[in-house]
Amino acid sequence: WLEGVLGGLAAACTGENKEGGGEGEEEKEGTKADASSLAKDLEEALVVSPESTAAKAPIEIEPSRQPTQSQSPTPLFVLYGSATGNAEHMAKDLAASYQTALQSSPTAYFPSVTCCPLNDYKKKCLDVWSAPPASPAAKHGVLFLCSTTGNADAPENADRFVRWLKRKSTEPTRPFRHCAYAVLGLGDSNYDVFCAMGKSIDRKV
């Protein structure tokens, strides 16, 4: 799943896919998603090790790594909202896998990765998202991983982001107009409202 999503996202960022990014993915927590539609151009984009383990801390941008002309000038953003730790674990595992892949494939499309809670969007991400990439066909890459808790509510480390996303004043600013994105919603299908936060983020972004 990680390989497919990253390959599809890199293709979208370079303008090879339809503008606006991929469709969101909703999946029951703990199961493997079908990513066959996102696997195209994976080999050209990056190689991710399936044996990586979750990072112990958020992965930050590496200032020493300079992007080449064929790379994005901005990092891959991996943002998570997690109540029980599953979404956080998956996000950090994805970030760690990509960071490891960069050591053997330094020409991967994204030169670095930033992993953080969704509530850190304003401090770590918003300024980058709002700036147009150097190439008109390029996009910033963003992955959202978010669970649903309570009565179709956002986790504590994602509630501010979700409130901002739903504000009437946010939509006219089009904060994601320069982004290609993918969404993984985690939830329990035993509840009436399944993966509400993942669906809501996909719809609003």
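The values are calculated or read from the model by the stated rules, or taken from the named source; none is laboratory data. Because the structure is predicted, anything quoted here is derived from the model rather than measured. Because the Cβ atoms are built from the backbone with ideal geometry, glycine has one as well, and the counts that use them run over all protein chains shown. These area figures cover heavy atoms from the full protein model, side chains too; ligands, DNA and RNA do not enter into them. Shrake-Rupley method; radii C 1.70, N 1.55, O 1.52, S 1.80 Å.
Below are the figures for this structure:
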{"item": "Taking the convex hull of Cα positions in the stretch 154-205, its mean projected area over all directions (nm²)", "result": "4.1 nm²"}
{"item": "Additional length obtainable on full extension of the chain from Ala131 to Gln103, 0.36 nm per residue less Cα span", "result": "7.3 nm"}
{"item": "Per residue accessible area in Å² of the stretch 59-205, where ligands, DNA and RNA are left out and the probe is 1.4 Å", "result": "47 Å²"}
{"item": "Hydrodynamic radius by Kirkwood, which averages 1/r over all alpha carbon pairs of the stretch 70-205, in angstrom", "result": "15.4 Å"}
{"item": "For peptides 129-136, 173-180, 92-99, sequence by mean Cβ density within 10 Å, most packed first", "result": "92-99, 173-180, 129-136"}
{"item": "Accessible surface of Phe77 - all protein chains present, 1.4 Å probe, nearest 10 Å²", "result": "0 Å²"}
{"item": "Extension gain, Glu171 back to Asp188 (0.36 nm per residue minus Cα-Cα distance, nm)", "result": "3.2 nm"}
